[in-house]
Amino acid sequence: MAYPGYGAPAGYPQMPQMQQDPLYQYFAAVAGQDGQISADELQRCLTQSGVAGSYKPFSMETCRLMINMLDRDYSGSMGFNEFKELWQAINGWKTTFMNYDRDRSGTMEGHELQQAITSFGYNLSPQALGIIMKRYSINGRIAFDDFVSCCVKLRGLSDQFQRRDTTRTGKAMFQYDDFIQVSMSM
């Protein structure tokens, strides 16, 4: 007979909540003993998980950008909580990409990209959109991997800008070294 307060809890042996998360399997399969994943491990993890769907796997550069976006301690790696945050972001970007790739070509044209970026709440000038198209498109079309790279940079740069735009006027002051750190971390 069991007495209240004695014995193992239901579901013994109990796993920490993190290990019960379905995403943890993908993460743990590539994480080192330190419980962190690097850019190459992230690339393997995302490829094995199939999160990119029918699109080609993420490039190493995109994986570095994704880690840098969430690397709050500048370690060059990410833990499981950051991975979960990234997973949600990737799935959101994938949904947006699929919604605005109206011709189902697997790529976005300029007007589709503009609509997608606007749906995120960004209000970019035509000149800024033109620069983004030149940077990320091949023959006027942006693939999913490049779309994610663009989204990561927009999010990261916007976050850094907002931290410095304390009066919320759309203006921020950067020292040269600060500007270099922000732009090179993206």
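Read the figures in this text as sums done on the coordinates, not as results from a lab. Quantities reported herein were computed from a predicted structural model and do not represent experimental measurements. Every residue, glycine as well, gets a Cβ built from its backbone with ideal geometry; the counts of neighbours run over all protein chains shown.
For the stretch 28-77, the set of chymotrypsin sites (Phe, Trp or Tyr not before Pro) satisfying both a DSSP loop assignment and a count of at most 16 other C-beta atoms within 10 Å is given as Y74. Normalising the Debye intensity of the stretch 129-186 to I(0), with uniform scatterers on Cα atoms only, and taking log10 at q = 0.16, 0.19 Å⁻¹ returns -0.60, -0.77. Between the listed residues A172, T62, P22, the Cα displaced farthest toward the positive end of the dipole of the chain, a dipole computed from Cβ unit charges relative to the Cα centre, is found at A172.
Total lysine pairs in the chain at Cα distances under 18 Å, for residues eight or more apart or on different chains: 4.
For the chain, the dipole from Cβ point charges (+1 on Lys and Arg, -1 on Asp and Glu) about the Cα centre works out to 460 debye, to the nearest 20. A convex hull fitted around the alpha carbon atoms of the chain yields 184 Å³ per residue.
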